[in-house]
1. Yes or no: Arg77 surrounded by fewer than 22 Cβ atoms within 10 Å (Cβ to Cβ), part of a helix (DSSP H, G or I) and free of Cβ contacts under 8 Å to residues at least 40 places away in the same chain?
2. Collect the residues in the stretch 1-50 that are surrounded by fewer than 23 Cβ atoms within 10 Å (Cβ to Cβ) and among the acidic types (Asp, Glu), keeping them in residue-number order.
3. Which residue is modelled with the lowest pLDDT, if the candidates are limited to the stretch 88-105 and must be more than 20 Å from the chain's Cα centre (by Cα) and not hydrophobic (A, V, I, L, M, F, W, C)?
4. Does Leu91 count as more than 30 Å from Pro152 (Cα to Cα) and among the hydrophobic types (A, V, I, L, M, F, W, C)?
5. State whether the residues of the stretch 208-216 include one that is buried (at least 16 other Cβ atoms within 10 Å of the Cβ) and either among the aromatic types (Phe, Trp, Tyr) or touching a residue at least 60 places away in the same chain (Cβ under 8 Å) (or both).
6. Could you please find all residues in the stretch 110-165 being under 14 Å from the mean Cα position of the chain (by Cα) and either outside any helix (DSSP H, G or I) or charged (D, E, K, R) (or both)?
7. Is one or more of the residues making up the stretch 47-67 modelled with pLDDT of 95 or more, closer than 23 Å to Ala174 by Cβ and hydrophobic (A, V, I, L, M, F, W, C)?
8. Working only within the stretch 53-74, note down all residues that are more than 14 Å from Arg116 (Cα to Cα) and outside any loop (DSSP other than H, G, I, E, B).
Amino acid sequence: MKDILGMPLGLEGRRALVCGASQGIGLAAAQQLATLGAEVTLMARNEERLQDALQTLPGSGHSFVLADFHDPHQVTRALDLVLSSGDIHVLVNNSGGPAGGPITEASMEAFENTFRQHLVNNQILAQGVFPGMKRAQWGRIVNVISTSVKAPLNGLGVSNTVRGAVANWAKTWANEVGAHGITVNNVLPGATLTARLTNLAEVKASAAGTTPENILANMAAQVPAGRVGTAEEVGYAIAFLCSPAAGYISGINLPVDGGRTPCL
């Protein structure tokens, strides 16, 4: 039973493509979409992790496809393979963030690589799935970005820049495809306990001469909720935006950050 207290959440009969789905937020989103009844295809570059991730999805008919998001040609080929089996109705754009560092020291290569990894790949995927969504007169596109689109984060110059571009890209898509029953939204995770956050904590700890545990504790202290989030909590938000219940929500940035973002 996928409808809860009259709220339509079920995704039976829908095919979903979830990127960066071998771990973390991408995997959590895939698990929730599968729980709601969608047939899910996982996309990432590590085959062993994808095979393990596939075993965690409830239901049947799920699959995975390999693509390294540093190479848009691989993404295009993988998408063609996915679409050869049928239309996609739900797309979750999600990819690992770039290395940290001040914008004053960022190289042009870093900007170009990150732009391709995030915005260019998002465009490839959205354009590829759009015809199928248009045929169905129903679709959901959710982009996992960052709270930096509302308030830039210190030490993440390249990420702040490209994430902001992705947010405006998504709003433009939402305006253009809404008449076809397609929604486009962004989920903005705050500090979330994933491999990326752990790596960032290790780097910061090394630079500050402290421990990763202290860094994470300091992060948690800055969150009104008093803790960092979990990948599952972000996955729940993504799944809701992909559900029929969210059909009149489009073009928004949804922070999932325990209240940390300092603006509305």
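1. Numbers: surrounded by fewer than 22 Cβ atoms within 10 Å (Cβ to Cβ): yes; part of a helix (DSSP H, G or I): yes; free of Cβ contacts under 8 Å to residues at least 40 places away in the same chain: yes.
Taking the combined requirement at face value, the residue satisfies it.
2. Result: Asp3, Glu12, Glu47, Glu48.
3. Start the filter on the stretch 88-105 by keeping residues that are more than 20 Å from the chain's Cα centre (by Cα), which leaves 101-105.
Those still in the list that are not hydrophobic (A, V, I, L, M, F, W, C) too: 101-102, 104-105.
Numbers: Gly101: 90, Pro102: 94, Thr104: 96, Glu105: 96.
The qualifying residue modelled with the lowest pLDDT is Gly101.
4. Working: more than 30 Å from Pro152 (Cα to Cα): no; among the hydrophobic types (A, V, I, L, M, F, W, C): yes.
It is false that Leu91 is more than 30 Å from Pro152 (Cα to Cα) and among the hydrophobic types (A, V, I, L, M, F, W, C).
5. Initial filter on the stretch 208-216 (buried (at least 16 other Cβ atoms within 10 Å of the Cβ)): 212, 215-216.
Restricting the remaining residues to those that are either among the aromatic types (Phe, Trp, Tyr) or touching a residue at least 60 places away in the same chain (Cβ under 8 Å) (or both) gives none.
Within the stretch 208-216 (the criterion being buried (at least 16 other Cβ atoms within 10 Å of the Cβ) and either among the aromatic types (Phe, Trp, Tyr) or touching a residue at least 60 places away in the same chain (Cβ under 8 Å) (or both)), the answer is no, since none of the residues qualifies.
6. Arg140, Ile141, Val142, Asn143, Val144, Ile145, Ser146, Arg163
7. So far as the stretch 47-67 goes, no, none of its residues is modelled with pLDDT of 95 or more, closer than 23 Å to Ala174 by Cβ and hydrophobic (A, V, I, L, M, F, W, C).
8. First, the residues of the stretch 53-74 that are more than 14 Å from Arg116 (Cα to Cα): 53-66.
Selection gives Ala53, Leu54, Ser63, Phe64, Val65, Leu66.
The values are calculated or read from the model by the stated rules, or taken from the named source; none is laboratory data. Computed from a prediction, not measured in an experiment: that's the story for all the values here. We place every Cβ from the backbone using ideal geometry, glycine too, and count neighbours over all the protein chains shown.
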